[in-house]
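The values are calculated or read from the model by the stated rules, or taken from the named source; none is laboratory data. Quick caveat: nothing in here was measured; it's all calculated off a predicted structure. Note that each Cβ is placed from the backbone with ideal geometry, even for glycine, and that neighbours are counted across all protein chains shown.
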Amino acid sequence: MSTFRSLTSRRPFTLLGVVLALVVIAAFVLVALNSSSGSNVPVRSVVVATKDLAPRLPIDAASLQIKSMPVASDYPQVFFTRISEVQGMIPLVTIVTGQAITSNVVVKPSAALGSQSEYLPIPSGYVALTIPTSEQQGVANYIQPDDYISVIATVSANGKVASKTIFVNLHVIKVGTSASANGSAGVTSLTVVVTQCQAEIITWFLTYASLKYSLQSFHDYLSGSGETPDPDCPNVKSAQGVTLQTIQKAYPTLF
């Protein structure tokens, strides 16, 4: 009888030991399966960021490198394998250091739209202004981005017609086009870099006079990194408005 009771009292501990053993075995099996699954993920050389990349700023080659990392074989092919494929593209979101760059977080400059578009190359203290153009007004559509133009104003007042070059060395950063009746693309607008003071003057002439543009020789283009701040109009707050009297004082030979 005592032997039976002893065996009966030890039975719960025996069952508990069996259960624990089964749990340990199951855990080892899961670890082995996971390890086996992980070892089957191929390692590929993909393009990653070497520093944090902000949205709307073109990516330069120095911010990229090729790095080997595991990529699931059944994962969509959205990675880049050459730096040249990513250089110049625009991030749609912030890309952190070490992150593999994929096709869903970058776009080509021509495909960037709205708030995600590339920043225009406007120096500090300047603004971008779009002015209308046409074949005869704008040098037969020869004006292209990164060209420099001069602006000629023609005014008819008090029975007198006069023309004068009012601005030189205006940097063209964008060219707008539209399809013509025969299907060819014609230039319809030029986006130029000016001070806010110049923008007001050009707006006045567009409203009350006429403008024509001349294309400067590339030998005469501004050298260096770009426009420096204008001491007479260092920022947008410097513009004080334009009236007829302002124009007459600035360009007396037109009146």
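Observations
Yes/no matrix, rows are residues, columns are (1) assigned by TED's automatic domain parsing to the domain that holds L92; (2) exposed (fewer than 15 other Cβ atoms within 10 Å of the Cβ); (3) closer than 18 Å to T203 by Cβ:
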residue	(1), (2), (3)
A140	no, yes, no
Q144	no, yes, no
I152	no, no, yes
S156	no, yes, no
V161	no, yes, no
T165	no, yes, yes
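- Leading residue by the ranking (modelled with the highest pLDDT) among those in the stretch 77-121 that are in contact with an Asp or Glu (Cβ under 6 Å, 6 or more places away or on another chain) and surrounded by 13 or more Cβ atoms within 10 Å (Cβ to Cβ): I90
- Subset tally (residues that are assigned to a strand (DSSP E or B), among the polar types (S, T, N, Q) and farther than 25 Å from P229 by Cβ) for the stretch 166-180: 2
- Residue pairs meeting the criteria (Cβ under 8 Å; at least 6 apart or on separate chains; first assigned by TED's automatic domain parsing to the domain that holds V78, in the stretch 48-62; second acidic (D, E) and in a loop (DSSP other than H, G, I, E, B)): R56/E118; L57/E118; P58/E118
- Across the stretch 134-165, the number of residues qualifying as under 28 Å from T228 (Cβ atoms), over 32 Å from the mean Cα position of the chain (by Cα) and not small (G, A, S) comes to 3.
- Exclusive hit being in the same structural domain as M69 (by TED's automatic domain parsing) and under 27 Å from the mean Cα position of the chain (by Cα), set I122, I131, I173, I95: I95
- Checked against (1) loosely packed, with under 14 Cβ neighbours inside 10 Å; (2) in a loop (DSSP other than H, G, I, E, B), P234 meets all criteria but (1).
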